[in-house]
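Q: Input: one structure, supplied below.
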Amino acid sequence: MAFALGSPTAPHPVADTDRDDVDVWAPPELRVVCLDIDDTLIDFTETGKRTLAALTGRRDIWDEWERVTDEHVARVVAGELDYADMHARRTHAFLRGLGMDVDLAAAAAFETRRKALLNRSWRLFDDVVPCLEWLAAAGIQLAAVTNASGAHQRDKLASLGLARFFDHVAIAGELGVAKPDPAMFQSVCLQLGCDPREAVHLGDKLTTDAIGARDAGLTGIWLHREPDGELAPRVADDDTENDDTENAARGGAPADVHVLTSLAGLPELLVTEFVRVGVPAPR
Ligand SMILES: [Mg+2]
């Protein structure tokens, strides 16, 4: 089994008129599931790598592309750069960094070709639609929570037939705050009217997604699709919590976040961790 059972949530008191002095742990209800988009639902990295290689003839430049992109997205989130200009400016900086003598117009033309190729190439991971259908049937509200800079994420979800599943899409570039800032996760809970304890967030980045969600009071789940070997189960023992050896055996994940290697494991994790999963309702 790819994940460990047990609760990642802190014990919280349950009102008991006869035994007010005793704190009894009770699993919370689950009302909202938040999902990252890129490399969680959509095979973003592989598609991006192939597209960039097709346009440049080089396969060794993806890390630099991500670095320059992250830098520019952070400037959009901080309000220093307009979203409308960001992609062309990012690509201009990237191509100049490769030593290409291009002006902003040439970079914008390259970016137009790159986006056209990307939009024909996106693909979902195979485990996405069955998982979303299960969550929808369970009556759970769904939010897409992305650190991307703009509304193209909604277009991407729509073009892949996923928009119908989501009650809310939270985009860092629109909110002016990004994961792992707790404000990002808490804004989603506020928007959907749930307590953070009634929500989980799952994504492919351990710190940005799983630990960030945990720190905001949600249940954090790391989707670690390609671990090096089989992951050790989480040890629900206070003595080993945050022990480096134990964490390393789980890909570096601390004891109070869950780790899955596939979305296929999410339903079982949720029904194990929450006393009531969703409210059966037509959608
Ligand atoms: Mg991601």
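Q: With within 16 Å of the ligand (Cβ to nearest atom) and at pLDDT 95 or above as the only criterion, which of Ala170, Ala178, Ala199 stands out?
A: Ala170
Q: Just one of Ala213, Ala264, Ala248 is among the aliphatic types (A, V, I, L, M) and at pLDDT below 95; which is it?
A: Matching residue, one of Ala213, Ala264, Ala248: Ala248.
Q: Filter region 251-269 down to residues that are touching a His at 6+ places or on another chain (Cβ under 7 Å) and not hydrophobic (A, V, I, L, M, F, W, C) and give me whichever is farthest from Arg225 (Cα to Cα).
A: Filtering first and then ranking leaves Gly251.
Q: Select from region 31-46 the residues that are β-branched (Val, Ile, Thr) and buried (at least 19 other Cβ atoms within 10 Å of the Cβ) and write down the one among them that is nearest to Arg154 (Cα to Cα).
A: Ile37
Q: Would you confirm, using the coordinates I've provided, whether Arg75 is surrounded by 13 or more Cβ atoms within 10 Å (Cβ to Cβ), modelled with pLDDT of 95 or more and more than 16 Å from the ligand (Cβ to nearest atom)?
A: No; evaluated as a whole, the condition is false for this residue.
Q: Quick one: would you say Val200 is surrounded by fewer than 22 Cβ atoms within 10 Å (Cβ to Cβ) and either assigned to a strand (DSSP E or B) or not assigned by TED's automatic domain parsing to the domain that holds Asp38 (or both)?
A: No: the conditions fail for Val200.
Q: Among the residues of region 120-149 satisfying the criterion of being among the hydroxyl-bearing types (Ser, Thr, Tyr) and assigned to a loop (DSSP other than H, G, I, E, B), which is nearest to the ligand (Cβ to nearest atom)?
A: Looking at residues that are among the hydroxyl-bearing types (Ser, Thr, Tyr) and assigned to a loop (DSSP other than H, G, I, E, B), I get Ser149.
Q: Please indicate, with yes or no, whether at least one residue in region 193-210 is touching a helix residue (DSSP H, G or I) at 6+ places or on another chain (Cβ under 7 Å) and within 24 Å of Arg90 (Cβ to Cβ).
A: Yes, region 193-210 has at least one match.
Q: Next up: Can you report the number of residues in region 176-192 which are farther than 16 Å from Asp209 by Cβ and in contact (Cβ under 8 Å) with a residue 40 or more places away in the chain?
A: Selection size over region 176-192: 3.
The values are calculated or read from the model by the stated rules, or taken from the named source; none is laboratory data. No experiment lies behind these values; they were computed from the predicted model shown. Heads up, the Cβs are rebuilt from the backbone with ideal geometry, glycines too, and the neighbour counts pull from every protein chain shown.
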